[in-house]
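We did not get these values from a lab; they are worked out from the coordinates using the rules stated. All values derive from a computational prediction rather than experimental measurement. Because the Cβ atoms are built from the backbone with ideal geometry, glycine has one as well, and the counts that use them run over all protein chains shown.
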Amino acid sequence: MDKSEPIRLATRGSQLARRQAAEVQAALEDRRYTVEIVEVETEGDRITDERIQDLGKTGAFVRALDERVLEGEVDAAVHSMKDMPTDVPDDLVTAAVPRRASAGDVLATVEGENLDDLPEGAVVGTSSLRRKAQVLNARPDLTVEPIRGNVDTRLEKLLAPALQAEHERRLDYEKEQQSAEARDQKRDGDDIHQDDEREYDRDVEEWFSSLSELERAAMEREVETEYDAVVLARAGLERSGLAYDVALTDLDVNDHVPAPGQGALAVTALDGDVADAVHTALDHPRSRVETTTERVVLEELGGGCIAPIGVHAFIQGGVVRTHVQVFNEDGSESVVETRELDIDDYAPEARDLANDLRERGAADLIAEARRE
């Protein structure tokens, strides 16, 4: 491929999607390619008030980008692999799977609690059927409510109630001080508690100035649902630069098995020179084997984003250790399996694993999820 010709790279317009595209752009530019980023609005971006699985066919965030590739308007597209449908158009190839980031989920809270610390009835936000089932499987006493939006939006919704309540307390405290001064009262420990003095050592304006950009945005958000915790992908938080803006607790990947392909990016292109160039510059063989294993299991199970399915594969020596969970929607029933697949024959063995799970009841759970 002529490196003087720019590679037009399609991406969604969200902050996370743009950062992911920027990673791919930087890697290609390191190989002296010129890259032009093209933002594309998808159906999933336009519809913000529905659960992800209610948007219709799998790939609400993907197909609009791939259509641009197929029509020749762009040369390649960057996707979060977990959003990609398993049925890819014939003319399209996954040109590269870059090195995968963390595959796991985290519990985001205001105070740093883990899942066991949350009080009975606490509200956990997620729009993923898989995450909902996993949370309820571990803590059936919790309440799981849907939450939509980009990563920053979800964190704002989590932080908003506590920040807004703190703001009101500080405003009330300042009014009390001003009233006391106006009446020329003595300000001793009987009138203003010393604990309050220490807690509010800054005025409201100074306190607000000390908040992060994310926290300030949360202050302006209208609160509809008060969440005690939100479940998110660690990779998305890290790529968005938000991993240090809120307290995070990693969820064990054996109990909360990630979505197939979670943490990985995929670059799609028409088979040809661009695909070859992207593959040479970006493809990470280990990540490709692990994510391909996960997607083969998903494809064979036939769940798509409709059923609560987690699949996580990683290479250990000469095997691909693969852990699969299939739940019903409330997490009360499950089919679970961990199997070591021969790395030289991982794809057919992944299909065998999925078929065994189907026969053990996974097919019934998936059919139930489709009916619901």
Task: Antiparallel DSSP beta bridges within the chain, as percent of all bridges there, nearest 5 - done: 75 percent
- [ ] Obtain the nm distance between the two label points defined at ARG32 and ALA367 by a simple spin-label model: each point lies 7 Å from its Cα along the Cα-to-C-beta direction.
- [x] 6.0 nm
- [ ] Quick one: which residues, 5+ away or cross-chain, put their amide H under 5 Å from the amide H of ALA95? H built at 1.01 Å from N.
- [x] VAL267, THR268, ALA269
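Using only alpha carbon pairs under 8 Å that are at least six residues apart, calculate the relative contact order of the chain and give it in whole percent. Could the numbers behind the result be given before it?
Working: 684 pairs, mean separation 87.8, N = 372.
Relative contact order here is 24 percent.
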- [ ] Enter the Cα centre distance for the pair the range 233-294 and the range 312-357, rounded to the nearest angstrom.
- [x] 18 Å
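Could you count how many Lys pairs in the chain have their Cα atoms under 20 Å apart, skipping same-chain pairs fewer than 8 positions apart? Mind dumping the intermediate values first?
Working: LYS57/LYS82; LYS82/LYS132; LYS132/LYS157; LYS175/LYS186.
Summing the qualifying lysine pairs gives 4.
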- [ ] With the cut-off at 37 Å, report for the chain the share of all Cα pairs above it, as a whole percent.
- [x] 29 percent
TODO: Could you work out, for the range 214-367, what percent of all Cα-Cα pairs fall into each 5 Å distance bin, beginning at 0 Å and stopping at the bin that holds the largest distance?
DONE: 1, 8, 15, 16, 16, 14, 12, 8, 5, 3, 0
